[in-house]
Amino acid sequence: MRWFGILALCWISACGFKPVYEVNEGRLDTADVIQQVQVVTADGWEGNRLKAAIEDELHILDNPNARYRLEAGLSVASEAFIIEPDGLASRYTLRMSSPWTLIRTTDDVVLKRGILRRDVSYNVSEDADYSTFVAQEDAMQRGIQAIAELYGVRIPAVLNAAIRRTQ
């Protein structure tokens, strides 16, 4: 069993595996570069919530002099998910998508772009409009948080690849 562990470690080191947050002696590491990202979203309530969630997930502060700019959008479409025999919907799905572009601000080069998607759902109450409103807001917050978590994985990987290309 001990030999299997040693062989597994040798295989991992031979395949080029390197942790995203590894410490590089004398070189930039991803954690430092992430602090150089400015998050830009659309104005408004949902855009501000998305910006705050992404900054919390990446552990960055708003930096207007950043070397990278993350432009993130958010679109939400509501779709009836469960329809009762009387024709009323009792559950809705919020289909959320967030198109993004990561730009190096020194020369306005687009490093990467893509779309992150997440679906969340909530129940509709027949008798209580307020509880339906609260459920919908909770679903929206859960969806924004889930998208921010996807950014927390994607953006460090893109920056890490960009750092490796320049070193």
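Other residues within the sphere of radius under 15 Å centred on the Cβ of Asp127, judged by their own Cβ, net out at -4 (K and R +1, D and E -1). Averaging the sequence gap over all C-alpha pairs within less than 8 Å and six or more residues apart, then dividing by the number of residues, gives segment 25-166 a relative contact order of 23 percent.
For a test of the definition: using alpha carbon positions, the gyration tensor, and the 1.5 limit on a/c, classify segment 46-97 as rounded, prolate or oblate. Please report the intermediate quantities before stating the final value.
Details: a/c = 5.46, a/b = 3.83, b/c = 1.43.
It comes out prolate by the Cα gyration axes.
Would you mind ranking Ile60, Ile147 by Cβ crowding within 10 Å, fewest neighbours first? Present the calculation step by step, with values, prior to reporting the outcome.
Working: Ile60 18, Ile147 24.
Lowest to highest Cβ neighbour count: Ile60, Ile147.
Please arrange Thr106, Thr132 by counting, for each residue, the other beta carbons lying within 10 Å of its beta carbon, fewest first.
Details: Thr106 8, Thr132 16.
With the sparsest Cβ surroundings first, the list reads Thr106, Thr132.
Identify the GluC sites (Glu not before Pro) of segment 117-167 meeting these criteria: DSSP loop state and at most 11 other C-beta atoms within 10 Å of the C-beta.
Values: sites: Glu126, Glu137, Glu149; in loops: Glu126.
Of the GluC sites (Glu not before Pro), the ones in loops of segment 117-167 whose Cβ has at most 11 other Cβ atoms within 10 Å are Glu126.
Using r as the Cβ-Cβ distance of Val134 and Ala77, and R0 as 25 Å, what FRET efficiency do you calculate, to the nearest 0.05? Working shown, then result.
Numbers: r = 20 Å, r/R0 = 0.82.
Calculated transfer efficiency: 0.75.
Divide, for segment 25-166, the radius of gyration over alpha carbons by 2.2 N^0.38 Å, where N is the residue count.
In units of the 2.2 N^0.38 Å rule of thumb, it is 1.27.
Read-outs: derived from the displayed coordinates by stated rules, not from any lab. None of the values given here were measured: they were computed from a predicted structure. Glycine gets a Cβ as well: all are built from the backbone with ideal geometry, and neighbour counts include every protein chain shown.
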